[in-house]
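Please read the structure below before turning to the comments.
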Amino acid sequence: MKNYKCFIVIALMCCFSFSLQATLIELDPCTGANECIITTTPPAIVSPNPNDGILLAWDEVQNFTLTERLRVDRVFDVSASFVTAINDGSGDYWLAAGTVVSSHYLQWDPGNSSGSTVNATIKLDSQVFAFIIADQNLFDSDFLGLPSLDYNDFGLRGLESGDTTVFNNTDVDISWSASSPGDWTRLITALSPAAVSIPEPQSLVLFFVSLILINKTKKKVVGTMFR
């Protein structure tokens, strides 16, 4: 009887294990690329010169509370309470420690049409905070990346100086030209409502198994009482 109770408690606890849902919504409109794709299976290794003409985006760490301030290149609002300008001539900003952020990565390579421009509206489910586009800032923020992905730390990852990012609440409009080896950026947004806690499928199976065991246990107890 005690073993059954133990299993039931564990099953109920597992039922409430959580997984994060994607917060990138769509890349639309999107022109100048062969394809514009949001993926849940990014390349295992981020490599220079994918040479595919694709604007590729994926979600990284979601709803993360910064334990240290985060250096970014472009911000949605220089007067925001958690944004501080860095007075070193770089034009960069700090996002304050304690800020809850969600991270997203974008890869753009023009393929054989080197120098072509992609124009797109990136739509997300929470306020866009910042873009990280400089090589060193990208390296330093890779702790927000997917742990299973090799970001490869090669040079020239960021945007060209003339590339634009226009913030519009939960959207950001981009116009990016690229040559070898392409463009990579990290987009930082606010706490994501879509990154909600939901039971994982295997936990639901375990929960239903626990219900069956509860039922069997009850029958055993009743049967014992009337012997």
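Here are the numbers for the structure shown:
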| quantity | calculated |
| --- | --- |
| Residue ID - nearest to the chain's Cα centre (by Cα), chosen from residues in the range 85-132 that are more than 28 Å from Asn63 (Cα to Cα) and of a type in the set (Asp, Glu) | Asp109 |
| The range 47-57, residues that are surrounded by fewer than 21 Cβ atoms within 10 Å (Cβ to Cβ) and in contact (Cβ under 8 Å) with a residue 60 or more places away in the chain | Ser47, Pro48, Asn49, Pro50, Asn51, Gly53 |
| Verdict on Ser148 being assigned by TED's automatic domain parsing to the domain that holds Thr67, surrounded by fewer than 14 Cβ atoms within 10 Å (Cβ to Cβ), closer than 28 Å to Asp52 by Cα and polar (S, T, N, Q) | yes |
| Residue that is modelled with the lowest pLDDT, among those in the range 91-115 that are more than 20 Å from Leu187 (Cβ to Cβ) and out of contact with any Ser or Thr (no Cβ under 7 Å at 6 or more places or on another chain) | Ser113 |
| Criterion: surrounded by 15 or more Cβ atoms within 10 Å (Cβ to Cβ) and farther than 21 Å from Phe154 by Cα - qualifying residue of Asp88, Asp125 | Asp125 |
| Qualifying residue in the range 105-119 (condition: within 19 Å of Asp28 (Cβ to Cβ) and among the aromatic types (Phe, Trp, Tyr)) | yes |
| Residue within the range 74-83 that is modelled with pLDDT under 95, closer than 17 Å to Leu138 by Cα, buried (at least 18 other Cβ atoms within 10 Å of the Cβ) and within 20 Å of the chain's Cα centre (by Cα) present | no |
| Qualifying residue in the range 25-36 (condition: at positive phi, modelled with pLDDT of 95 or more and either surrounded by fewer than 21 Cβ atoms within 10 Å (Cβ to Cβ) or part of a loop (DSSP other than H, G, I, E, B) (or both)) | no |
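To keep it simple, each residue is scored yes or no on (1) among the aliphatic types (A, V, I, L, M); (2) in a loop (DSSP other than H, G, I, E, B); (3) on the phi > 0 side of the Ramachandran plot.
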site	(1), (2), (3)
Ser47	no, yes, no
Asp52	no, yes, no
Leu55	yes, no, no
Glu68	no, yes, no
Ser79	no, yes, no
Ser103	no, no, no
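The values are calculated or read from the model by the stated rules, or taken from the named source; none is laboratory data. The structure presented is a predicted model; accordingly, all values stated were derived computationally and were not measured. Because the Cβ atoms are built from the backbone with ideal geometry, glycine has one as well, and the counts that use them run over all protein chains shown.
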